[in-house]
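What follows is a single structure, written as structure tokens, with notes after it.
Just so it is clear, none of the values below were taken in a lab; they were calculated from the coordinates. Fair warning: this is a prediction, and the values are worked out from it, not measured in the lab. Neighbour counts are summed over all protein chains in view; Cβ atoms, including those assigned to glycine, are modelled from backbone coordinates with ideal geometry.
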Protein chains: 2
Amino acid sequence: MPVTETPLSIPIDRSSPVPLYFQVAQELERRIMAGELAVGTKLENELVLAERLGLSRPTLRRSIEYLVDRGLLVRKRGVGTQVVMPRVRRPLELSSLYDDLSRAGEQPRTEVLRLAVEAPPDAIATALEVDPGTEVYVLERLRYARDEPLALMHNYVPTTLVALDEERLAHQGLYQLLRAAGVTMKIASQTIGARNATAAEARVLGESRGAPLLTMERTVYDDVGRVVEVGSHVYRASRYAFELTLTD
Amino acid sequence: MPVTETPLSIPIDRSSPVPLYFQVAQELERRIMAGELAVGTKLENELVLAERLGLSRPTLRRSIEYLVDRGLLVRKRGVGTQVVMPRVRRPLELSSLYDDLSRAGEQPRTEVLRLAVEAPPDAIATALEVDPGTEVYVLERLRYARDEPLALMHNYVPTTLVALDEERLAHQGLYQLLRAAGVTMKIASQTIGARNATAAEARVLGESRGAPLLTMERTVYDDVGRVVEVGSHVYRASRYAFELTLTD
DNA sequence: GTCAATAGTTTGTCTAGACATAAGTACCTA
DNA sequence: TAGGTACTTATGTCTAGACAAACTATTGAC
């Protein structure tokens with residue numbers, strides 16, 4: 001394997017508000033993704049690199065750390081730093097189905113079957129961490145992709161976070177609305193399972209009875225740990241699968 | 001909300017090989033998880049804290065950064081650092097079914113149905129990034145939990161990475177063996193779907209024909225981007241679901 | 001020739017500061 | 001009362017260096 005060592009030259013704008021370490025990290029990332037820094041390329045050592053770029057070592061190190069975290073570089077003490085695989089960059093994990101479909105050009109469409117403010121079942125109230133009997137948004141939607149029904153979605157959202165109306169929900173996706181309302185979704189725990197469709201589900205989704213469905217239960221928290229949303233969805237397994245990337 | 005500010009005292013062992021920043025991070029994590037540092041608690045500012053613990057600010061900062069990354073603390077410039085969520089710590093994401101079951105006390109057991117070295121189907125060779133016709137380990141296993149069949153697993157592993165034998169596979173789980181062979185699994189991309197069981201699958205898994213199954217296709221890469229393993233598994237949906245935590 | 005000690009290279013950890021910037025608060029003025 | 005200005009506070013960024021530890025390669029001894 002050719003372990004070429006390339007002298008790096010990166011322009012740095014000290015008058016920019018963008019932190020220096022980030023300028024370097026971004027430019028390195030760009031070059032790796034563009035193939036200008038081939039897989040296997042060994043970077044110069046940190047001391048040399050820092051001097052060449054006119055930065056202190058901690059600052060340069062921070063750039064490299066950023067890219068190591070994202071899986072674009074590996075470091076080994078006593079050995080050096082090396083480019084690995086533009087292969088799988090960590091995807092934007094906390095995305096919504098609507099956003100995913102939009103990006104994939106699948107022309108999502110949403111039919112709002114129900115939008116009410118009422119007390120949810122106790123199990124949902126527990127998941128939402130509100131007192132039983134508290135009224136929340138109860139939302140039932142049917143999501144289409146390319147005019148084919150894809151998923152039946154039940155969502156529960158505290159009324160304190162955002163104002164929902166049917167019109168906007170039809171065109172925007174719940175997560176977009178939440179973000180627009182200033183909610184920063186930070187972490188989600190979800191459970192993915194499978195079961196056969198009930199007659200009612202089959203009818204709504206255009207499947208036959210007993211067809212396999214993917215089920216997803218999700219609780220989303222914001223950056224200070226408040227519950228933002230609880231969702232309980234079923235997807236047609238014939239038309240949808242979850243893709244995810246795990247890192248260690 | 002009571003924003004109590006607690007003076008922290010953490011013992012630090014400078015003779016330990018464990019880095020100082022990590023000693024602090026671990027102890028903080030422990031206290032948050034144990035509830036000794038309640039949600040909403042505000043930490044003292046970094047200057048004071050560093051001095052109290054006898055550390056430099058960068059070192060202390062590094063501890064805090066670590067916990068911010070893991071979602072246990074939030075920082076706001078000009079405001080301070082605050083405890084959030086003992087709730088969901090990022091799980092060890094790249095774990096194997098065997099490890100998960102062990103941890104949960106589910107007494108996993110593995111029956112090796114087939115262990116061969118042969119050329120896999122082309123689609124698998126492509127996923128493994130080896131030339132078609134290259135011989136690899138082909139592995140078919142039945143995983144039990146509490147003596148109930150749970151999953152039927154097909155795996156493909158390059159012969160260059162590890163030496164596999166039936167005896168060890170029955171007692172250890174593939175990932176343990178890989179790790180023991182010095183393979184560092186770094187990132188995995190997987191697809192989770194569902195379908196109904198075929199007659200053969202139903203028989204092996206002790207389900208009835210047409211029972212819903214969860215399917216998982218996974219490709220695992222090591223720290224330098226080599227393909228370590230390709231797996232194609234089916235799980236009894238009646239007895240298993242994927243739990244995962246997503247962060248943004 | 002084989003194995004162990006050693007020297008050199010490179011990343012990992014840590015220190016002690018400096019200045020910048022965002023968020024909140026108090027005050028002052030229109 | 002409303003609005004903006006100045007001040008305070010705390011995190012964000014950056015510097016210049018020191019020593020430690022892991023890995024590689026070479027050298028030397030048996």
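For the charge dipole of chain A, defined by +1 on Lys and Arg C-beta atoms and -1 on Asp and Glu C-beta atoms about the Cα centroid, which residue among A:L246, A:S56, A:V183 has the Cα displaced farthest towards the positive pole? Checking the options against the dipole of chain A, the answer is A:S56. Over all directions, the projected convex hull of the C-alpha atoms in segment B:124-248 averages 9.1 nm² in area. Couplings 3J(HN,Hα) for segment B:189-206, derived from phi with the Karplus relation 6.51 cos²θ - 1.76 cosθ + 1.60 (θ = phi - 60°), are 10, 9, 10, 10, x, 8, 7, 8, 5, 6, 4, 5, 4, 4, 4, 5, 8, x Hz, where x marks Gly and Pro. The dipole here belongs to segment A:89-222: it is taken about the Cα centre, uses +1 on the Cβ of Lys and Arg and -1 on the Cβ of Asp and Glu, and is about 540 debye. Each Lys or Arg adds one and each Asp or Glu takes one away; over the other residues whose Cβ falls under 10 Å from the Cβ of A:A151, this sums to +4. For the pair A:D69 and A:T245, label points projected 7 Å from Cα toward Cβ lie 1.6 nm apart. Of all lysines in the structure, the ones whose alpha carbon falls short of 22 Å from that of A:K186, not counting any fewer than 8 places away in one chain, are B:K42, B:K76. Placing dummy labels 7 Å off each Cα toward the beta-carbon, the span from A:R14 to A:D131 is 6.0 nm. Charging the Cβ of each Asp and Glu at -1 and of each Lys and Arg at +1, and nothing else, the dipole of segment B:40-157 about its Cα centre rounds to 1240 debye. Around the Cα centre of the protein assembly as shown, unit charges on the Cβ atoms of Lys, Arg, Asp and Glu (plus for the first two, minus for the last two) sum to a dipole of about 760 debye. Taken residue by residue and averaged, Cβ atoms of other chains lying within 10 Å of the Cβ of B:188-200 number 6.
Shape analysis of the protein assembly as shown based on the Cα gyration tensor places the equivalent ellipsoid semi-axes at 38, 34, 24 Å, largest first.
Here the Gaussian network model covers chain A, with springs between Cα atoms less than 10 Å apart; of A:L20, A:L177, A:L164, A:L20 fluctuates the most.
Take the Cα of A:Q107, step 7 Å toward its Cβ, do the same at B:D147, and the gap between the two points is 5.7 nm.
Taking Lys and Arg as +1 and Asp and Glu as -1, the other residues whose beta-carbon sits under 13 Å from that of B:G133 total -4. Mean-square fluctuations from a GNM of chain A, with a 10 angstrom spring cutoff on Cα atoms, peak among A:E229, A:E135, A:E51 at A:E51.
Taking the charge dipole of chain A about its Cα centre, with +1 at Lys and Arg Cβ atoms and -1 at Asp and Glu Cβ atoms, the residue from A:T219, A:Y21, A:L43 reaching farthest to the positive side is A:L43.
So what is log10(I(q)/I(0)) for segment B:175-238 at q = 0.14 1/Å, when the Debye sum runs over its Cα atoms only? The Debye formula, applied to the Cα set alone, gives -0.53.
For chain B, the relative contact order works out to 13 percent when only alpha carbon pairs closer than 8 Å and six or more residues apart are counted. Computed packing ranks the peptides A:112-119, B:126-133 as B:126-133, A:112-119, most packed first, by mean other Cβ atoms within 10 Å. The Cα atoms of segment B:103-154 define a convex hull whose projected area, averaged across directions, is 4.3 nm². At 20 °C and 1.002 mPa s, what whole-number value in µm²/s does Stokes-Einstein give for the translational diffusion of chain B, with Rh from the Kirkwood sum over Cα pairs? D, rounded to a whole number, is 101 µm²/s.
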